[in-house]
Amino acid sequence: MAREMTEKQTSVYTAPIVRFAPSPTGFLHIGGARTALFNWLYAKAKGGTFLLRIEDTDRARNSEEAIGAIIDGLKWLELDWTGEPVSQFSRAHSHKEAAEELLAAGHAYRCFLTKEELDDMRARAEAERLPLTIRSPWRDRPASEAPDHMPFTIRLKAPREGETVIEDHVQGRVVFPNKDLDDLILLRSDGVPTYNLAVVVDDHDMGVTHVIRGVDHLTNAARQTQIYKGLGWNVPEFSHVPLIHGPDGAKLSKRHGALGVEAYRAMGYLPEALRNYLVRLGWSHGDDEIISTAQLIEWFDVDGIGKSPARFDFAKLEALNAHYIRAASDEELFDRAVHILPEISGGDSIAKALARGASPRFRAAIPSLKERSKTLIDLINGAAYVFASRPIELDDKAAKAIDEEARHMLAELLARLKSAKAWDAAALEADVRTFAEETGRKLGKVAQPLRAALTGSTVSPPVFDVMAVLGEEESIARIADHAAHS
Ligand code: GLU
């Protein structure tokens, strides 16, 4: 297989039809999500249509659960498609019809090769260390010579001379010598259509004009082109996208991000951040890193997709997510955080706290938390003090911070706070600073025990924000719980 660069091609279609065609053997993994995104963006950018086809022909490996997870993942990423998802399995009759058509036109033949004969060919190829290229005698032998009641497959009569050429928008001109491509099976002996036949017939019947998918399908593109030509159908335009690798350049492993999109949702990423991140894994627009979906729709084209594999980088994803968290409205963050509670550890007790009335305080905590959260999990963890109930449990460091002297200081401070004129972060900060100065204490000596009493921890959002969020009554009560009684 030779690959050469070619000039940039221009599409002959004005309104493209693209599709995402996952096999439902697992969750919507990150590579599939990026393929879906590229197709969705292409349709949006060109005023085209984005379709969804579930490639559910492998009955043993498919599950309803996986189909549900793929659909959920796409919905969460907000990649909407037109119409109902198409089930490839349910279209088996059309696939068979196409095979019959090829047979009738002399572009396919019934092959009676037995399993033993095929095993022999395989063994010979192995012994000679040659790639297995099936040469069936039935290609040129009339079926009438076949023994009665022998099972047969239907094979494509693929051209043996010349080349099959893919003018790929990403990979360039890719040339496959036809001598290397054997006569692929279209229908198995049990009448079940093969994958390549099903894809061609479905893409044709769905009116697909552009196929954007992983580069692992490049050889299939050559085989599919031969089927298209046999059927006399237009070949769609191809864009085969490089795979996603780990940060070390090796195949993407679980540890390095090869997860389902639902795992990213549970890790607290926002869909707009993941979209921005995924599109940059392979596609670029100058040096732009933060690109809104509206801008992506304006700029996206397959010609901007690079040929070398992209490397997954969690730190970049986090930085983008932090940006989108800061940019999101408080209400949206509240909703999204509440939405993922069932998926995270400790989420149950937080949901209970919200049901008991912590919602207004959680809402109030979001503006200061979102400035310092990389993920929704950071946001939720940062709000732990909101969900805690009195008496606040102190962690080890907080317990150390509230020593005897601190308990007396808190009692003094409490008296002062009870007469606070205004209960907002700025006024409280001014009061506490004045208190520290007047009593000859460093601000830290006041703020740290105060923080410990209010949150049970020595790390929290700014303590005056915490007091404002908790409100006067709750703050006073929490401080009183740890203040010395005189
Ligand atoms: N079902 C194939 C996959 O999940 C995609 C086939 C295609 O896009 O043509 O890899």
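Bear in mind these aren't lab numbers, they're just calculated from the coordinates by the rules spelled out. The structure displayed is predicted, hence computed values, not measured ones. Glycine gets a Cβ as well: all are built from the backbone with ideal geometry, and neighbour counts include every protein chain shown.
Okay, here's what the table says:
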{"item": "For the chain: relative contact order, % (alpha-carbon pairs under 8 angstrom, 6 or more apart)", "result": "13 percent"}
{"item": "In segment 308-368, the GluC sites (Glu not before Pro) that fall in loop regions by DSSP, at most 15 other Cβ within 10 Å", "result": "none"}
{"item": "Nitroxide proxy distance, nm - points 7 Å out along Cα→Cβ at residue 45 and residue 284", "result": "1.5 nm"}
{"item": "For segment 210-227, Karplus couplings with θ = phi - 60° (6.51, -1.76, 1.60), whole Hz, Gly/Pro x", "result": "9, 10, 10, 7, x, 5, 5, 9, 5, 5, 4, 4, 5, 5, 5, 4, 4, 5"}
{"item": "Given charges at beta-carbon only (K, R positive; D, E negative), |dipole| of the chain in Debye", "result": "520 debye"}
{"item": "The chain: calculated mean residue ellipticity at 222 nm from DSSP helix runs of at least 4, using -39500 (n - 2.57)", "result": "-14000 deg cm²/dmol"}
{"item": "Modelled FRET efficiency - R0 51 Å, residue 319 with residue 60, Cβ distances, 0.05 increments", "result": "0.75"}
{"item": "At R0 = 45 Å, FRET efficiency that the Cβ-Cβ distance of residue 415 and residue 339 yields, to 0.05", "result": "0.55"}
{"item": "Extension gain, residue 445 back to residue 481 (0.36 nm per residue minus Cα-Cα distance, nm)", "result": "11.1 nm"}
{"item": "Residues whose placed amide H lies under 5 Å from that of residue 170, excluding near-sequence neighbours", "result": "240"}
{"item": "Inter-probe distance in nm under a simple model that places probes 7 Å from Cα toward Cβ, at residue 144 and residue 395", "result": "8.6 nm"}
{"item": "Pairwise centroid distance, computed over Cα atoms, of segment 180-219 with segment 327-370, Å", "result": "47 Å"}
{"item": "Full-stretch length increase - residue 301, residue 473 - with 0.36 nm per residue and alpha-carbon distance subtracted", "result": "56.2 nm"}
{"item": "Förster-model FRET efficiency, 25 Å R0, residue 404 and residue 381, C-beta, rounded to 0.05", "result": "0.25"}
{"item": "Relative compactness, segment 165-283, computed as alpha-carbon Rg over 2.2 N^0.38 Å", "result": "1.31"}
{"item": "³J(HN,Hα) computed for each position of segment 177-184 - Karplus, 6.51 cos²θ - 1.76 cosθ + 1.60, integer Hz, glycine/proline x", "result": "x, 4, 5, 8, 9, 7, 6, 6"}
{"item": "Inter-label distance, nm, simple model (7 Å from Cα along the C-beta direction), residue 229/residue 126", "result": "3.3 nm"}
